[in-house]
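The values are calculated or read from the model by the stated rules, or taken from the named source; none is laboratory data. Model, not experiment: these values are computed from the prediction. Don't worry about glycine lacking a Cβ; one is built from the backbone with ideal geometry, like all the others, and counts go over all protein chains shown. For the accessible areas, the whole protein counts, side chains as well, though only heavy atoms, and no ligand, DNA or RNA atoms are used. Shrake-Rupley method; radii C 1.70, N 1.55, O 1.52, S 1.80 Å.
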Amino acid sequence: MFIKYRGLFLKYKVPFTLGILALLATNAAGAMIPDLIQQAIDLLDITKRQGIEALSDSQTQQAFEALLFQMLGLSVLVFAARLLSRYWIIGAGQRLEYDLRNRVYQHILKMPNSFFSANPSGELMSRMTNDVESLRMMIGGGLMLGFNTFFVYCTTLPMMIRISPMLTLLTFILYPFGIWALSKISSRVKALYYQVQDVLGQISTVVQENFTGIAVIQAYAKETVENTRMQNESRRYLKVYQQLIHKRVILMMIFVMLGGLSYLAVLSFGGWQVIDQKITLGGFIAFTLFLERIAWPTASMGWTISTVQQGAAALKRVDDILSQESTITSPDNPEPLPQPVKGDLNIRDLSFTYLNPYAKKTPVNNGDENQEEEDVLYALKNITLHLPAGQTVAIVGPIGAGKSTLLRLLPRLLETPDNTVFIDSVDITRLSLEALRKTIALMPQQSYLFSNTIANNIVLAKPEEFVNLRESHVIPATKAASVHPEIQAMMHQYETTVGERGVMLSGGQRQRVSLARTILQSQLLEAPVLILDDPFSQVDAGTEERIIDALESRKLFENKTTLFATHRMSMVQKADWVILMNHGEIVATGSHQDLLASQPLYQQLHRQDELRKQTDVILPSDDEAINHV
Ligand code: ADP
């Protein structure tokens, strides 16, 4: 995994190498200090034994002062080099975290609808935050401490052996046991980290879903049920997290204990060696100082290993996302559209099925030819259509007929198959995604507003754009969508913040702001194709008439190939012709009058709309229900 992502790490090789060198410098300088202390103590010891006159001897004094100055110089060096090593390595870890998070985010933004069906947003958020952070901890914490421990041992061990090979052997005699325990426990840490992050992802998903649907939970008094569900998830989290901490603590304690036992052995055995005059008093004190130097790096070894294991697991979880390639990408050598773009749309034999990420694997084909046919549920089946440039076409059909699917396939928001949709005779999968989406302005069925001002929701750009576009584009668009007077009546008018998902507006207002956005974007992009997916589902009959009149009088459909799905017959009558769909297939095409005369399904839809108009009841959308219960 680390080799696969070496580019990410190698990008920071300079600060990382500098940091490692600084670590080496701080350890090398630090390892010399006990040696100087040994010299100073032995000097004092000898002079003490020789009598007080020797102490005042200027040569001895000079030697003593020189040792003190060297210690001071080395201490400053140790301090400066440690500071620099932290600055470089921790800084590299933070920038790596920043890079990786951006990379994951950019990757997710390009993913198709099916990816989001398979990966709940709570899970994605968890990978973008916790896992990326664990990687930073691994670089800025784990690896830094790991290198530090390595250098401490490299610089300290020779000094210890020089003082007493016997004492050194005694210090490390128990270490093989530590290494054995380490190898046993560390792989368990990695597995537990996976589990912890999985549960955390599930908790994020539950929380996110419940906060979004809070009105439904409250309306049906399901707080207790949801609370219990959350408590169960939290309990699972607590359990696996406790296991993880348990393992990490054991790892740490093993090395703390090893350090303590070594200390005890050295103190007792070393004391006898001083008495037996096998080593000097200075040598013994220096040896205990060296032991002191390796005590913390040794104790931190368990933490280091578990942090690296967690980092490896986190990288694997991030890789799970990064290794899923988007199925909707621009071709390597995109074809240009012939200029000027006319917007002639040709759909040939287009079929589409949604992949169900939750479905069990289809059973192995047992030779029955019809088996596959039965297992696949087509959202669209063999659609063939020609929409000449500049025409306005309505798509009508019952719920689930496949209208939205067809409309979303045109700008490749779903996986449009090759050679099925052509704009001005060019297969849309041969166009760059940017060029295609600049050609088509789409108003999706769900009017999503960002938690921003109305102005920014319409302009979808930097705030200064609004000032420039206000009179020329924004107000004409909001007037056409019949929402301008309502925005003007709000306290902060176009600067009103609409809250998360636009909760502060009614469903109808959200839909009209969304329509204004589409009108504006279609004009700014000069998109020759305009697609509206059920644009009036949330507005009453009177407003609908006003909008249709405004759209007509402002000639918004003029020179544009316009395709809209709707249940509203007043809108349908404005279309040049109508497509009637049912069960993913085209049932009939023709003028409103033709279909009304010949198609029972169309007559039924017409009757339903007449009935609605008389009562003027607007069925709330799911969003509306959630926000206004
Ligand atoms: P309409 O817009 O006419 O109401 P849709 O195009 O939304 O119809 O849906 C057509 C069919 O595809 C329906 O059977 C619907 O259940 C199914 N469908 C729509 N979206 C998805 C999805 N994201 N995943 C799986 N099936 C879907």
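Candidates in the range 257-269 are the residues that are in contact with a helix residue (DSSP H, G or I) (Cβ under 7 Å, 6 or more places away or on another chain) and open to solvent by less than 70 Å² (accessible area, probe 1.4 Å); of these, the one that is farthest from residue 284 (Cα to Cα) is 258. A Cβ distance below 8 Å, combined with a sequence gap of six or more or placement on separate chains, defines the contacts here; from the range 401-418, residues that are in a loop (DSSP other than H, G, I, E, B) and open to solvent by 10 Å² or more (accessible area, probe 1.4 Å) reach residues that are away from the ligand (no atom under 13 Å from the Cβ) and among the acidic types (Asp, Glu) in the pairs 418/427. Of the residues that make up the range 91-98, is at least one of a type in the set (Asp, Glu), open to solvent by 40 Å² or more (accessible area, probe 1.4 Å) and free of Cβ contacts under 8 Å to residues at least 60 places away in the same chain? The answer is no; no qualifying residue exists. Scanning the range 305-350 for residues that are more than 22 Å from residue 425 (Cβ to Cβ) and among the acidic types (Asp, Glu) returns 319, 320, 325. Name the single residue that is farthest from the ligand (Cβ to nearest atom) among those in the range 372-394 being at pLDDT 85 or above and open to solvent by 60 Å² or more (accessible area, probe 1.4 Å). Checked the range 372-394; the qualifying residue farthest from the ligand (Cβ to nearest atom) is 386. Just one residue in the set 423, 428 is over 28 Å from the mean Cα position of the chain (by Cα), more than 16 Å from the ligand (Cβ to nearest atom), without any contact (Cβ under 8 Å) to a residue 40 or more places away in the chain and surrounded by 21 or more Cβ atoms within 10 Å (Cβ to Cβ); that residue is 428.
The number of residues in the range 547-569 that are surrounded by fewer than 16 Cβ atoms within 10 Å (Cβ to Cβ) and either within 16 Å of residue 606 (Cβ to Cβ) or not hydroxyl-bearing (Ser, Thr, Tyr) (or both) comes to 6. Between 183, 114, the distinction of being at pLDDT below 85 and open to solvent by 60 Å² or more (accessible area, probe 1.4 Å) belongs to 183 only.
Using the structure shown, decide if residue 496 is open to solvent by 10 Å² or more (accessible area, probe 1.4 Å), within 16 Å of the ligand (Cβ to nearest atom) and over 29 Å from residue 569 (Cβ atoms). Against the criterion (open to solvent by 10 Å² or more (accessible area, probe 1.4 Å), within 16 Å of the ligand (Cβ to nearest atom) and over 29 Å from residue 569 (Cβ atoms)), residue 496 does not qualify.
Test residue 348 against the stated conditions and say whether it is modelled with pLDDT of 90 or more and either in a loop (DSSP other than H, G, I, E, B) or over 30 Å from residue 608 (Cβ atoms) (or both). Considered against the rule, which asks whether it is modelled with pLDDT of 90 or more and either in a loop (DSSP other than H, G, I, E, B) or over 30 Å from residue 608 (Cβ atoms) (or both), residue 348 comes out as yes. The residue of the range 436-460 that is nearest to the ligand (Cβ to nearest atom), among those that are of a type in the set (S, T, N, Q) and outside any helix (DSSP H, G or I), is 445.
Looking across the range 513-540 at every residue that is touching a Phe, Trp or Tyr at 6+ places or on another chain (Cβ under 9 Å) and among the charged types (D, E, K, R), the one that is farthest from residue 343 (Cα to Cα) is identified as 534.
For the range 270-281, which residues satisfy the criterion of being assigned to a helix (DSSP H, G or I) and out of contact with any helix residue (DSSP H, G or I) (no Cβ under 6 Å at 6 or more places or on another chain)? Don't jump to the end; show me each part of the working.
In the first step, residues of the range 270-281 are kept if they are assigned to a helix (DSSP H, G or I); the result is 270-275, 281.
Of everything in the range 270-281, those that are assigned to a helix (DSSP H, G or I) and out of contact with any helix residue (DSSP H, G or I) (no Cβ under 6 Å at 6 or more places or on another chain) turn out to be 271, 272, 273, 275.
Residues checked against (1) away from the ligand (no atom under 16 Å from the Cβ); (2) under 16 Å from residue 534 (Cα atoms); (3) at pLDDT 85 or above:
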{"site": "396", "(1), (2), (3)": "no, yes, yes"}
{"site": "401", "(1), (2), (3)": "no, yes, yes"}
{"site": "408", "(1), (2), (3)": "no, yes, yes"}
{"site": "411", "(1), (2), (3)": "no, no, yes"}
{"site": "418", "(1), (2), (3)": "yes, no, yes"}
{"site": "462", "(1), (2), (3)": "yes, no, no"}
{"site": "467", "(1), (2), (3)": "yes, no, no"}
{"site": "472", "(1), (2), (3)": "yes, no, no"}
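For residue 67, state whether it is open to solvent by less than 30 Å² (accessible area, probe 1.4 Å) and at negative phi. So residue 67 passes the test.
Do you know which of the residues in the range 186-224 that are assigned to a helix (DSSP H, G or I), of a type outside the set (Lys, Arg) and open to solvent by 80 Å² or more (accessible area, probe 1.4 Å) is farthest from residue 294 (Cα to Cα)?
Residues of the range 186-224 assigned to a helix (DSSP H, G or I): 186-212, 214-219, 223-224.
If we keep only those that are of a type outside the set (Lys, Arg) too, we end up with 186-187, 189, 191-212, 214-219, 223-224.
Okay, now just the ones that are also open to solvent by 80 Å² or more (accessible area, probe 1.4 Å), so 209, 211, 218, 223-224.
Numbers: 209: 50, 211: 50, 218: 59, 223: 54, 224: 54 Å.
Applying the filter and picking the extreme gives 218.
Of the helices (runs of 4 or more DSSP H) lying entirely inside the range 118-171, the ones with 1 or more residues being over 30 Å from residue 319 (Cβ atoms) are found at 144-163.
Residues checked against (1) touching a strand residue (DSSP E or B) at 6+ places or on another chain (Cβ under 9 Å); (2) of a type outside the set (Gly, Ala, Ser):
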position	(1), (2)
551	no, yes
558	no, yes
567	yes, yes
570	no, no
573	yes, yes
583	yes, yes
596	no, yes
608	no, yes
611	no, yes
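Restricting to the range 541-585, what's the tally of residues that are away from the ligand (no atom under 16 Å from the Cβ) and at negative phi? Before you say what the answer is, go through the steps one by one.
Of the residues in the range 541-585, the ones away from the ligand (no atom under 16 Å from the Cβ) are 541-562, 569-570, 573-577.
Filter again for at negative phi, leaving 541-554, 556-558, 560-562, 569-570, 573-577.
Number of matching residues: 27.
One line per residue, one yes/no per condition, for (1) of a type in the set (A, V, I, L, M); (2) within 16 Å of the ligand (Cβ to nearest atom):
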| position | (1), (2) |
| --- | --- |
| 90 | yes, no |
| 95 | no, no |
| 103 | no, no |
| 111 | yes, yes |
| 120 | no, yes |
| 128 | yes, no |
| 131 | no, no |
| 146 | no, no |
| 149 | no, no |
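Of the conditions (1) in contact (Cβ under 8 Å) with a residue 12 or more places away in the chain; (2) over 26 Å from the mean Cα position of the chain (by Cα); (3) under 28 Å from residue 119 (Cα atoms), residue 287 clears all except one; give me its number. Going through the list (1) in contact (Cβ under 8 Å) with a residue 12 or more places away in the chain; (2) over 26 Å from the mean Cα position of the chain (by Cα); (3) under 28 Å from residue 119 (Cα atoms), residue 287 breaks only (3). Close contacts from the range 603-618, counting a first residue that is modelled with pLDDT under 80 and a second that is assigned to a helix (DSSP H, G or I) and of a type outside the set (Phe, Trp, Tyr), with Cβ to Cβ under 7 Å and a gap of 6+ residues or different chains, come to 613/541; 616/541. Kindly provide the set of residues from the range 302-319 that are surrounded by fewer than 22 Cβ atoms within 10 Å (Cβ to Cβ) and at pLDDT below 85, ordered by number. Residue satisfying the conditions is 303 alone.
When you look at residue 10, is it surrounded by 12 or more Cβ atoms within 10 Å (Cβ to Cβ) and not acidic (Asp, Glu), yes or no? It would help to see each step written out before you state the result.
Details: surrounded by 12 or more Cβ atoms within 10 Å (Cβ to Cβ): no; not acidic (Asp, Glu): yes.
Against the criterion (surrounded by 12 or more Cβ atoms within 10 Å (Cβ to Cβ) and not acidic (Asp, Glu)), residue 10 does not qualify.
Across the range 586-611, the qualifying residues are those that are away from the ligand (no atom under 16 Å from the Cβ) and charged (D, E, K, R), and the one among them that is surrounded by the most Cβ atoms within 10 Å (Cβ to Cβ) is 594.
Restricting the range 133-172 to residues that are free of Cβ contacts under 8 Å to residues at least 12 places away in the same chain and over 30 Å from residue 11 (Cα atoms), which is most open to solvent (accessible area, probe 1.4 Å)?
Within the range 133-172, the subset free of Cβ contacts under 8 Å to residues at least 12 places away in the same chain is 150, 157-158, 161-162, 165, 168-169.
Narrowing the set further to residues that are over 30 Å from residue 11 (Cα atoms) leaves 157-158, 161-162, 165, 168-169.
Details: 157: 55, 158: 72, 161: 84, 162: 151, 165: 85, 168: 9, 169: 107 Å².
That would be 162.
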